[in-house]
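S.K.: Below is one structure. I have some questions about it.
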Amino acid sequence: MSSLAANTEDRTPDRRGYAPSRGSILLAACGVSLCSMLLACGGDDGGGAGDGEPADDDAGTGASSCLKTVAELDGPATYVYTVDWSPVDDYALAGTDEDIRLIRADTEAEKLELVDSLLKTPKANVVRWSADGRFALSAGLELELLAVPRDPPELVFVASYTGHEADIYGLDWHPDGAHALTGGRDGTVRLLAVDLDAGTLTEQAIFYGHVGKVLAVSWAPDGRHAISVGEDGTVRLLEVDFDADPIEIRQLALEVDGDLENSVSWAAGGDLVLTGTWFERHVVQAWSADVEAGTLSLMKESVPNTTGITTLEWTRDHQRIATAGHDDTLALSTYADGELTSMARLEGHDTGVHAVSWSVDENDLVMASSMIDRVSLVDARDCPRSEPR
């Protein structure tokens, strides 16, 4: 494994291809000249409401951790990009540059078992379970709908959508389970109808506002708003008008951060949105999204990981957040009033981290490496737990 332990600052995810010219991307995103950029984009760092250096919330946590790796499952592919734990039982989905995998996680025996796999050409950038655990969506060069029966447990291809012009990086199921939002290399955000009974994926609307790749999307709890982020350094508040004919995706607010925005998660039951950056600064940003006023306000920046925030995964009470990146560290933080405070970290995972996902009981996580084909089971049961709200 030592041959894989490269300088983490030089690691670039194969699926992203990060080489943006930040100045040109931000100018294009704002649609302004260099002279007017400072006024239109909120300052010379593009930060808008987020002035000053981000706070280091890691002080005093020490090297010990309640997080520990208890099992690993290696495969023959080059990279594993994504992982998602079923919302109803102990199965997980993983996506690599070759296939989609169904994995059984036995937390008592501390074991991961490969159950089934489907070829995915050329790769699976992101996979997501449906809320009932019966179906899944997988995004790569196309979006695929899969059925996942349990008796026997297997992956069954149902339908595909090929409307994006290149890789799809962002994917989120709508709260109603009948729609999905995607974002891709072609700079578009797309709304799809997911008909599970008919087994179809149907394009309903497209948003063209981004300049460059859309790297992540997240639905609001109300199912009528969403956030998209991308390599143009923007965080965009979108409104999906299902009552329009045809359905429309409209932009309500645009914040130009000044760095590549790589991940996003909208908290359930509120106006809180977290985003993660990657390029020059490596921070988690807490935003207040007022959908009625159509505004985004940056509340706080935190630094749970030192290199590239690749993933943000809430617990259901939305008081703890797992973050990870290419600094070989999985960090667990508490959240309160816009601020992340480091609780624990799993260090020394010398292959980087592309994604993590919580188990149903939130005692464990699955973790996808970024520099090797490996899925790990991480025990978090000894970590402090927040009181349910």
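Throughout, read-outs are computed from the coordinates displayed, never taken from laboratory work. Every value quoted in this text rests on a predicted model; they were computed, and no experiment measured them. Ideal geometry is used to build each Cβ from the backbone, glycine not excepted, and the neighbour counts take in all protein chains shown.
S.K.: Which distance in nm do the two modelled labels at Thr78 and Arg104 give, with both placed 7 Å along the Cα-to-Cβ direction?
M.R.: 3.3
S.K.: Residues with amide H under 5 Å of Gln204's amide H, sequence separation 5 or more or different chain, H placed in the peptide plane at 1.01 Å from N; which?
M.R.: Excluding prolines and chain starts, which carry no amide H, the hits are Leu191, Leu192, Ala193.
S.K.: Something else: Using the Cα gyration tensor of the range 209-271, with a ≥ b ≥ c the square roots of its eigenvalues, what is the shape: rounded (a/c below 1.5), prolate (a/b larger than b/c) or oblate (neither)?
M.R.: oblate
S.K.: Let a ≥ b ≥ c be the square roots of the eigenvalues of the Cα gyration tensor of the range 17-379; is it rounded (a/c under 1.5), or, if not, prolate (a/b larger than b/c) or oblate?
M.R.: Because a/c hits 1.5 or more and a/b fails to exceed b/c, the range 17-379 counts as oblate.
S.K.: Working out 0.36 nm times the residue gap between Glu280 and Glu165, then minus their Cα-Cα distance, what length gain in nm do you get to one decimal?
M.R.: That works out to 38.6 nm of additional length.
S.K.: What aspartates and glutamates does Lys213 reach when the alpha-carbon gap must be under 12 Å and sequence neighbours fewer than 8 apart in one chain are set aside?
M.R.: Glu165, Asp167, Asp186, Glu231, Asp232, Glu261
S.K.: Follow-up question, since we're still on this one. Which one, Asn363, Ala92, Gly183, projects farthest toward the positive side of the charge dipole computed for the range 17-379 from Cβ point charges (K/R +1, D/E -1)?
M.R.: Gly183
S.K.: What length, rounded to one decimal in nm, is gained on full extension from Thr121 through to Val88, with 0.36 nm per residue of separation minus their alpha-carbon distance?
M.R.: Additional length available on full extension: 9.1 nm.
S.K.: Among the aspartates and glutamates, select those whose C-alpha is under 16 Å from the C-alpha of Lys68, and discard any that sit fewer than 8 residues away in the same chain.
M.R.: Output for Lys68: Asp106, Glu108, Glu110, Asp328, Glu347, Asp350, Glu362, Asp364, Asp379, Asp382.
S.K.: All other residues with a Cβ under 9 Å from the Cβ of Ala92 taken together, and with Lys, Arg as +1 and Asp, Glu as -1, what is their net charge?
M.R.: Net of charged neighbours comes to 0.
S.K.: Exposure proxy check: Ile227, Ile247 ranked by fewest other beta carbons within 10 Å?
M.R.: Going from least to most buried by this count: Ile247, Ile227.
S.K.: Taking neighbour counts of Cβ atoms within 10 Å as a proxy for exposure, in what order, fewest first, do Val156, Val127 appear? All intermediate terms of the calculation are to be shown ahead of the outcome.
M.R.: Details: Val156 12, Val127 27.
Ranked by crowding around the Cβ, least crowded first: Val156, Val127.
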